[in-house]
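Undergrad: Here it is: the structure, laid out below.
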Amino acid sequence: MTIVVVIPAFNESRTIAGVLQGCRGHAQESIVVDDGSWDDTALRAREQGAVVFMHLINRGYGAALRTGIEAALKRGADIIVTIDADGQHEPAEIKNIIEPLKRGGVDMVIGNRFSAQSTREGMSVLRKLFITAGNILTWMLYGVWFSDTQSGFRAYTRQALEKVIDVGQNFRVSPREFPRESALQAEGMEFSSEVIGEAMRRGLTITTIPITIRYTNYSLAKGQNFFEGVRTALRLFARRLLR
Amino acid sequence: MLFQIISLLLIILIVSRIVLRFVRHEIGSREFIYWILFWFLAAAAILTPDALTRIANILGIGRGADLAFYSSFVIVAYVLFRIVVRMDRIERDITKIVRHIALHEGGIQNPNSKNQNDNG
């Protein structure tokens, strides 16, 4: 069973090496998608032996994640783990997050930062509010409730991602020729919610497991701010209305 | 009277630009008809303000000017919506191109193929 870690990264040269070192031994391969960084993210990732795919310009978290997922599927991954590049997650927990998938009966696992068993360090009240707002929005738009819909630490089976992502839909020139694209078009942070909505729509089984989260000043500064949060919410609403 | 003359001159100028763009094939026939119709109606409203007031009364709006104001609001909102939708599509298309290049340069030979054995 081939396990591949996908890490979207934008200007993460300070932390990417540490994250990749942590992933070693837990996955056969680490894929880093450098989302148009202007620092040495790609170089640092290659030094750690990661397979690097580079976006020429910054396209957002969801876009980078999708590029990495498509690459992982193409490279024969059976299980795909996504993890943030800012060091907030604990790569040693990859074995826990893939466990439900290995046991079977589950298509997608979300690392939950709010379980009673979760360990949280440095999470601000504002961050908690953002995440709760994201949960409420996901519930309003897709009718499902999870206590951490915005977590970037997740694991998917190959079959689940093939269903929700619809690989090969790139470069469809005429929308008339292909009337229905996958709903998963999110390019920004709204990807996190949309992937849950799309998975539920396709009848996939999602479970959550408690994870450790370590916020530092660095990761807090890199995360969503208020305006990005509002923009994410508006994009989610607009997409849902346009469907 | 002065307002009508200035407005009509402006409309003639705009219509001439639309015709020019159509002749140069910069806009399609559908878009050309839309705009010509729009400015024709605008000119008609300026030339016969009483007719506008009559239509407004039929619709239950007091004045012709109010009808013009409400209509412009609806038109602007619609145009804005179309621009937002088009921008969203352009953004997604840019992402597709960026992704294609990233995958291709990363050694995946057929990024659009569903077959996993088609990679490099």
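Undergrad: Could you check region B:56-86 and list, in sequence order, the residues that are more than 14 Å from chain A (Cβ to nearest Cβ) and of a type in the set (Lys, Arg)?
TA: Within region B:56-86, just B:ARG63 meets the criteria.
Undergrad: Just one of A:ALA116, A:ALA85, A:ALA133 is closer than 18 Å to A:GLN150 by Cα and within 13 Å of the chain's Cα centre (by Cα); which is it?
TA: Details: A:ALA116 fails: within 13 Å of the chain's Cα centre (by Cα); A:ALA133 fails: within 13 Å of the chain's Cα centre (by Cα).
Result of the check over A:ALA116, A:ALA85, A:ALA133: A:ALA85.
Undergrad: Also, I was wondering about something else. Under 6 Å between Cβ atoms, at least 6 apart or on separate chains: pull out the pairs that start in region B:87-101 with a residue that is closer than 12 Å to A:MET54 by Cα and within 7 Å of another protein chain (Cβ to nearest Cβ) and end on any residue that is assigned to a helix (DSSP H, G or I) and of a type in the set (S, T, N, Q).
TA: B:ARG99/A:THR67
Undergrad: Okay, moving on. Given the condition at pLDDT 95 or above, in a helix (DSSP H, G or I) and either among the acidic types (Asp, Glu) or surrounded by 23 or more Cβ atoms within 10 Å (Cβ to Cβ) (or both), answer yes or no: does some residue in region A:101-111 qualify?
TA: Checking region A:101-111: at least one residue is at pLDDT 95 or above, in a helix (DSSP H, G or I) and either among the acidic types (Asp, Glu) or surrounded by 23 or more Cβ atoms within 10 Å (Cβ to Cβ) (or both).
Undergrad: Same structure, new question: When the residues of region B:102-116 are narrowed to those that are at the interface with another protein chain (Cβ under 8 Å from one of its Cβ atoms) and modelled with pLDDT of 90 or more, which ends up surrounded by the most Cβ atoms within 10 Å (Cβ to Cβ)? Let's see the steps before the verdict.
TA: The first filter runs over region B:102-116 and keeps only residues at the interface with another protein chain (Cβ under 8 Å from one of its Cβ atoms), leaving B:102-103, B:105-106, B:108, B:111-114, B:116.
Those left that are additionally modelled with pLDDT of 90 or more: B:102-103, B:105-106.
Numbers: B:ALA102: 27, B:LEU103: 24, B:GLU105: 12, B:GLY106: 20.
Step by step, filter region B:102-116, then rank; the result is B:ALA102.
Undergrad: Of all residues in region A:44-57 being surrounded by fewer than 22 Cβ atoms within 10 Å (Cβ to Cβ) and either small (Gly, Ala, Ser) or more than 9 Å from every other protein chain (Cβ to nearest Cβ) (or both), which is farthest from the chain's Cα centre (by Cα)?
TA: A:GLU47
Undergrad: Still on this structure, I have one more. Filter region A:136-157 down to the residues that are surrounded by fewer than 19 Cβ atoms within 10 Å (Cβ to Cβ) and either outside any loop (DSSP other than H, G, I, E, B) or touching a Phe, Trp or Tyr at 6+ places or on another chain (Cβ under 8 Å) (or both) and list them by number.
TA: A:ILE136, A:TRP139, A:MET140, A:TRP145, A:SER147
Undergrad: Sticking with this one: Looking at A:ALA77, A:ALA72, which is the one that is assigned to a helix (DSSP H, G or I), buried (at least 16 other Cβ atoms within 10 Å of the Cβ) and aliphatic (A, V, I, L, M)? Give the derivation first.
TA: Values: A:ALA77 fails: assigned to a helix (DSSP H, G or I).
Criteria check complete, one pass: A:ALA72.
The values are calculated or read from the model by the stated rules, or taken from the named source; none is laboratory data. It should be emphasised that the depicted structure is a prediction, and the values quoted were computed from it without experimental measurement. For neighbour counting, all protein chains shown are included, and Cβ atoms are generated from backbone atoms with ideal geometry for every residue, glycine included.
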